[in-house]
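Where a number appears in this text, it was derived from the coordinates with a stated rule and is not lab data. Just so you know, these numbers come straight off a predicted model, no measurement behind them. Note: ideal-geometry Cβ built from the backbone for every residue, glycine included; neighbour counts use all protein chains shown.
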């Protein structure tokens with residue numbers, strides 16, 4: 001198991017069929033999921049970059065959150081809280097709600113009764129609510145099969 005370089009800013013780690021990804025920005029790196037059997041994904045990502053590393057979980061199934069305890073903050077869809085450590089996530093949710101309530105990007109979403117998660121904060125601090133579009137723009141293919149998804 002080792003990092004596979006997809007391009008200069010994108011890496012994939014495969015731990016026997018369970019994959020997670022590292023996207024490098026100018027000021028931060030984004031780890032997408034944190035594996036299942038490895039419990040040091042942040043440490044592994046630090047082999048690639050010295051940028052601060054943030055974590056985004058596509059969902060909270062066991063094969064996506066193995067290294068989450070390494071992180072002080074985890075970004076995830078609020079609907080996944082039922083499967084996750086709620087006390088840890090409540091702080092993150094409060095921080096997000098403050099951002100959501102003051103950022104006009106979320107105005108249309110709030111009008112529909114949706115919360116606006118997941119949202120992506122880009123390297124230039126822009127907020128996007130179309131995370132799938134953002135990842136596709138980065139050249140990643142999103143494959144949805146039933147209740148799980150993967151990136152290629």
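For each of 39, 64, 59, count neighbouring Cβ atoms within 10 Å of the residue's Cβ, then give the residues from fewest to most.
Details: 39 14, 64 24, 59 18.
Going from least to most buried by this count: 39, 59, 64.
Among 126, 34, 67, which comes first, second and so on when ranked by fewest other beta-carbon atoms within 10 Å? It would help to have the intermediate numbers written out before the result.
Details: 126 10, 34 27, 67 23.
By the 10 Å Cβ count, ascending, the order reads 126, 67, 34.
To make sure I understand, if each residue's beta carbon is the centre and we count other beta carbons within 10 Å, what order do 109, 143 fall in, fewest to most? Don't jump to the answer; show the numbers that get you there.
Working: 109 15, 143 10.
So the residues, fewest neighbours to most, are 143, 109.
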